[in-house]
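Structure first, commentary second.
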Amino acid sequence: MFTVDQIHAAHSRVKTGADFPRYVQELKALGLKRYTNYVADGHTIYYGADGYSTQGPAKYAEMPVADNPAPEKFKKDIKEHQEGKTDYLTVCRQAAEAGVEKWIVDLEKMTCTYYDKAGSTLLVEIIPTP
C-alpha cells in the first residue's frame, strides 16, 4: 500500500491547481481510492483498498473556517487556482474564508466535493484527465 511519504513526494510536484489532474493520476497509480482534506489545518486522511487508510500531519497553522458559507465566491477562487493564479496555501485560506470545512477527492468517481461545517455540499467538480 501507499505511504504518506509517497503521497507527499507526488504532491511536491504540484505548483498550482493546473497541475492537479496529473497529481490525481499519480495518486491512483499508488492505489489511493479517495482522500479527505481538512481546511482548518490541512491534514489529510488517505484511503485505499480493503479499508486501508493513513493520515498526514497538519500542513500549516490552524485557521478558522467561516460559519457562513460563500459558495459563489469560492467557485471564483477555485477557478483562479485551477488556472494557476494562486498557490495551495492561498486557496486553503480562501476556502476557510468561504466556509469550506473539507473536501473529498474521489479517485474512482473522479470528483472533488467541497463541504461546509454542516456537511452540506458547496461545490462538486469533475476532475479532468491530463
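What follows draws every value from the coordinates through simple rules; no lab data is involved. The structure presented is a predicted model; accordingly, all values stated were derived computationally and were not measured. Backbone-built Cβ (ideal geometry, glycine too); neighbour counts: all protein chains shown.
Overview of results
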| read-out | value |
| --- | --- |
| About the Cα centre, charge dipole magnitude for the chain (Lys/Arg +1, Asp/Glu -1 at Cβ), debye | 260 |
| Vicinal HN-Hα couplings computed from phi for the stretch 52-68 (Karplus, 6.51 cos²θ - 1.76 cosθ + 1.60; Hz; Gly/Pro x) | 5, 8, 8, 10, x, x, 4, 9, 7, 4, 4, 10, x, 9, 4, 7, 9 |
| Stokes-Einstein translational diffusion, the chain - Kirkwood Rh over all Cα pairs, 1.002 mPa s, 20 °C, in µm²/s | 145 |
| Spatially close lysines, pair count over the stretch 4-126: Cα under 18 Å, gap of eight or more or interchain | 17 |
| Length-normalised contact order of the chain in % [C-alpha pairs under 8 Å, at least 6 apart] | 25 |
| Axial C-alpha extent at least 27 Å, average Kyte-Doolittle at least 1.0 - helices from the chain (DSSP) | none |
| Simple spin-label estimate for residue 41 and residue 111 in nanometres, 7 Å along Cα-Cβ | 2.9 |
| Label-point separation, residue 90 to residue 22 (7 Å along Cα→Cβ), nm | 1.9 |
